[in-house]
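*Asks:* Encoded as structure tokens, here's the structure I'll be asking about.
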Amino acid sequence: MRGIAYGVGVGPGDPELMTLKAVKLIRENDVIALPGREPKETVAYRIAAAVVPELADKELVPVYMPMVKDRALIDLEHRKAAKLIEDYLDQGKNVVYLTLGDSTVYCTFSYIQHHLEADGYASALVPGITSFCAAASRLNVPLCEWDEQLHIVPAVHRLDKVLNEPGNYVLMKSASQMAAVKRMLRDSGRDVMMVENCSMADEKVYHSVDEIPDDAGYFSLIIAKERHD
């Protein structure tokens, strides 16, 4: 019988925020895939290894995920990743693919999953705590209340838009175009907060647009809340 490919969220950074189910799957399976050329250098590995030290003795499979906008190149690499995982599944082995945050929100495994399922392989998703829920907790603010809407936006792909929908916004994928994102935030007239490297050792918190540096790191999560005067 073929194995199952699991997309497993390991949370935002703090190993204590991993789920018991994620820990159980890592312990029970021998093949662990990680998004990066060097598995032990990935953030997902460092998070999981702090809770499951025996991870170091597993078969670690590097899955290359290019951070580019060339859709043809990206799809080619996703297809290669799917084939790599399928080789293990054909041996009857499960593959546990570790991903930051949650396995259903802008997750690299999602693209591989499409190919796997098209090829007739079974997959399953295990949720993890999202970066925006962790950031809101760190800031000690609710993401939404009563009848407020919550909009989750990949900011780098929406720089030509305005934040004019009612409710609150979560801006992900902001770091590479932070100066432009900050202009968009100023124009929105919203209360802005950001957490960089949420729940990690080098975490930084910002409480206004003016505090946010243009060179903020890749793991930067912005919450923009509607003002109620």
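*Asks:* If you take the residues of the range 153-176 that are surrounded by fewer than 17 Cβ atoms within 10 Å (Cβ to Cβ) and polar (S, T, N, Q), which of them is nearest to residue 222 (Cα to Cα)?
*Replies:* By that ranking, first place goes to 176.
*Asks:* Determine whether residue 25 is among the hydrophobic types (A, V, I, L, M, F, W, C) and within 23 Å of residue 132 (Cα to Cα).
*Replies:* Numbers: among the hydrophobic types (A, V, I, L, M, F, W, C): yes; within 23 Å of residue 132 (Cα to Cα): no.
No, not satisfied.
*Asks:* Tally up the residues in the range 95-142 that are in contact with a strand residue (DSSP E or B) (Cβ under 8 Å, 6 or more places away or on another chain) and within 20 Å of residue 18 (Cα to Cα), please. Please lay out each step first, then the result.
*Replies:* First pass over the range 95-142, keeping only residues in contact with a strand residue (DSSP E or B) (Cβ under 8 Å, 6 or more places away or on another chain): 95-110, 112-113, 116-117, 121-132, 134-136, 138-139, 141.
Going one step further and asking which of them are within 20 Å of residue 18 (Cα to Cα), we end up with 95-110, 124-132, 134-136, 138-139.
Result for the range 95-142: 30.
*Asks:* Same structure, new question: Pull up the range 32-41, narrow it to residues that are modelled with pLDDT of 95 or more and surrounded by fewer than 20 Cβ atoms within 10 Å (Cβ to Cβ), then point me to the one that is nearest to residue 201 (Cα to Cα).
*Replies:* Among residues in the range 32-41 that are modelled with pLDDT of 95 or more and surrounded by fewer than 20 Cβ atoms within 10 Å (Cβ to Cβ), the one nearest to residue 201 (Cα to Cα) is 41.
*Asks:* Here's another thing I want to ask about it. Go through the range 103-137 residue by residue and tally those that are in contact with a Ser or Thr (Cβ under 7 Å, 6 or more places away or on another chain) and either basic (Lys, Arg) or closer than 20 Å to residue 196 by Cα (or both).
*Replies:* To start, the set of residues in the range 103-137 that are in contact with a Ser or Thr (Cβ under 7 Å, 6 or more places away or on another chain) comprises 105, 107-109, 113, 116-117, 125-128, 134.
Among the residues that remain, those that are also either basic (Lys, Arg) or closer than 20 Å to residue 196 by Cα (or both) are: 105, 107, 128, 134.
Within the range 103-137, residues that are in contact with a Ser or Thr (Cβ under 7 Å, 6 or more places away or on another chain) and either basic (Lys, Arg) or closer than 20 Å to residue 196 by Cα (or both) number 4.
*Asks:* Still on this structure, please answer the following. Which one is nearest to residue 13 (Cα to Cα), of the residues in the range 172-224 that are charged (D, E, K, R) and in a helix (DSSP H, G or I)? Steps first, answer last, please.
*Replies:* Step one: filter the range 172-224 for residues charged (D, E, K, R), giving 173, 182-183, 186-187, 190-191, 196, 202-204, 210-211, 214-215.
Subsequent filtering for residues that are in a helix (DSSP H, G or I) retains 182-183, 186-187, 210-211.
On the way: 182: 25, 183: 28, 186: 29, 187: 31, 210: 26, 211: 23 Å.
Taking the candidates together, the pick is 211.
*Asks:* Run down 32, 47, 26 and say which single residue is part of a helix (DSSP H, G or I), of a type outside the set (D, E, K, R) and in contact (Cβ under 8 Å) with a residue 60 or more places away in the chain. Reasoning before the result, please.
*Replies:* Details: 32 fails: part of a helix (DSSP H, G or I); 47 fails: in contact (Cβ under 8 Å) with a residue 60 or more places away in the chain.
Just one listed residue meets the conditions, 26.
*Asks:* In the range 208-226, what count of residues is obtained for those that are of a type outside the set (Gly, Ala, Ser) and either assigned by TED's automatic domain parsing to the domain that holds residue 16 or touching a residue at least 40 places away in the same chain (Cβ under 8 Å) (or both)? Outline the logic, then answer.
*Replies:* First pass over the range 208-226, keeping only residues of a type outside the set (Gly, Ala, Ser): 209-215, 218-219, 221-223, 225-226.
Applying the additional criterion that residues be either assigned by TED's automatic domain parsing to the domain that holds residue 16 or touching a residue at least 40 places away in the same chain (Cβ under 8 Å) (or both) yields 218-219, 221-223, 225-226.
Adding up the residues that qualify gives 7.
*Asks:* Here's another thing I want to ask about it. Would you please list the contacts, defined by Cβ atoms under 7 Å and residues six or more apart or on different chains, that run from a residue in the range 69-87 that is at pLDDT 95 or above and hydrophobic (A, V, I, L, M, F, W, C) to a residue that is part of a helix (DSSP H, G or I) and surrounded by 11 or more Cβ atoms within 10 Å (Cβ to Cβ)?
*Replies:* 81/112; 82/112; 82/115; 82/116; 85/112; 85/116
*Asks:* Which one is nearest to residue 100 (Cα to Cα) among residues in the range 195-215 that are in contact with an Asp or Glu (Cβ under 8 Å, 6 or more places away or on another chain) and surrounded by 21 or more Cβ atoms within 10 Å (Cβ to Cβ)?
*Replies:* Only one residue tops the list, namely 199.
*Asks:* So, one more: Aromatic (Phe, Trp, Tyr) and within 14 Å of residue 5 (Cβ to Cβ): is that true of residue 97 in this structure? Walk me through how you get there before you give the answer.
*Replies:* Working: aromatic (Phe, Trp, Tyr): yes; within 14 Å of residue 5 (Cβ to Cβ): yes.
Yes, satisfied.
*Asks:* I would also like to ask the following. Here are some residues: 119, 102, 87. Which one is assigned by TED's automatic domain parsing to the domain that holds residue 45, among the charged types (D, E, K, R) and under 26 Å from residue 157 (Cα atoms)?
*Replies:* Working: 119 fails: under 26 Å from residue 157 (Cα atoms); 87 fails: under 26 Å from residue 157 (Cα atoms).
Residue meeting the stated conditions: 102.
The values are calculated or read from the model by the stated rules, or taken from the named source; none is laboratory data. The shown structure was predicted, so the numbers you read here are calculated from the model rather than taken from an experiment. Please note: Cβ atoms are built from the backbone with ideal geometry, for glycine as well, and neighbour counts cover all protein chains shown.
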